[in-house]
Amino acid sequence: MLTDPLFLAVAAIAVILLGLAKGGFAGVGTLSTPLLALVVAPGDAAGILLPILLVSDAISVWSYRKSWDARNLKVMMPAAAVGIAAGWWLAAYFTPAYVRISIGLIAIAFGLFNLVGLAGRRKVAKPSAVKGAFWASIAGFTSFVSHAGGPPFQIHLLPQRLPHEVFVGTSTIYFAWTNVLKVVPYGLLGQLSAKNITVSLAFLPLSVAATFVGLWLIRRTPHERFYKIVYVLMILVGVVLLREGWIGIFGAAGAH
């Protein structure tokens, strides 16, 4: 992989987006796994990104250690473990084609959700333990499948209109927790192979640099236009993944 120019280019973009997301540009990192899944198997894409996520999480948790919402986390962190357990249990039933379709649907749904501004038009909502547990478990599941827990997490948290840094800090702690929970299942599923970890280590400095850039930019940059570009790209990548998954399923079926 490290000798393939196309892989290197796509992986660099995915890692930079991941770092920016961990620095505070919540949402843009959701594009990382779909992008990487265009050039490697989806399971390998998730496995390569997990060690990078763990290091970036450590930086982000420290940076936002004073800005988080305890009420939400008390409900959502245990529920995340349920969603990850469900993803692990169902992993044996997911072929690469089905995973690509799942990631593609998540990417398209998340991109459309943000582009049409549904979150911004909602009234301020009070935290609900039942809703929090539900969306946190869904976020845990989608995070396990493709590091794409952002959409369901934001569906629950955005309507609460928390202060920006509190929102980012709460998100940072929640996803740091989910990423730690994924280490053992990913290892047992073979996604943390020596080859994948070698790639992770090669891109780790780039991710750390992007995380610090994100931390610096989040307090200085109006980023609405940047988000819109990313959401459009996310929808396009989702469409490509859906197409590849469709071909993988029905193309293979037609060959028999």
Q. Which residue, chosen from GLY104, LEU162, VAL55, occupies the Cα position most advanced towards the positive end of the dipole of the stretch 5-255, where the dipole is computed from +1 (Lys, Arg) and -1 (Asp, Glu) charges on Cβ about the Cα centre?
A. LEU162
Q: Taking H placed 1.01 Å from N in the peptide plane, check which residues at least 5 places from ARG161 or on another chain put their amide H under 5 Å from its amide H.
A: ALA125
Q) Which ³J(HN,Hα) values, rounded to whole Hz and listed in residue order, are derived for the stretch 45-51 from phi using the Karplus coefficients 6.51, -1.76 and 1.60 in 6.51 cos²θ - 1.76 cosθ + 1.60 with θ = phi - 60°, glycine and proline given as x? A) 4, 5, x, 5, 7, 4, x
Q: Identify the trypsin sites (Lys or Arg not before Pro) of the stretch 157-199 meeting these criteria: DSSP loop state and at most 15 other C-beta atoms within 10 Å of the C-beta.
A: ARG161
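Run the numbers on the chain and let me know its relative contact order in percent, using alpha-carbon pairs under 8 Å that are six or more apart. Please list the in-between numbers first.
Values: 377 pairs, mean separation 97.1, N = 256.
Relative contact order for the chain comes out at 38 percent.
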**Q.** trypsin sites (Lys or Arg not before Pro) within the stretch 32-112: DSSP coil, no more than 14 neighbouring Cβ in 10 Å
**A.** ARG65, LYS66
Q.
Give me a comma-separated list of calculated 3J(HN,Hα) values for the stretch 33-44, in order, Karplus coefficients 6.51, -1.76, 1.60 applied at θ = phi - 60°, integers in Hz, x for any Gly or Pro.
A. 5, x, 4, 5, 5, 6, 10, 9, 4, x, x, 5
Q. What value, in deg cm²/dmol to 500, does the helix sum -39500 (n - 2.57) over DSSP H runs of n ≥ 4 give at 222 nm once divided by the residues of the chain?
A. -25000 deg cm²/dmol
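The numbers here are math on the coordinates, done by the rules we state, and not lab data. Model, not experiment: these values are computed from the prediction. Here Cβ is always computed from backbone atoms with ideal geometry, including for glycine, and neighbour counts include all displayed protein chains.
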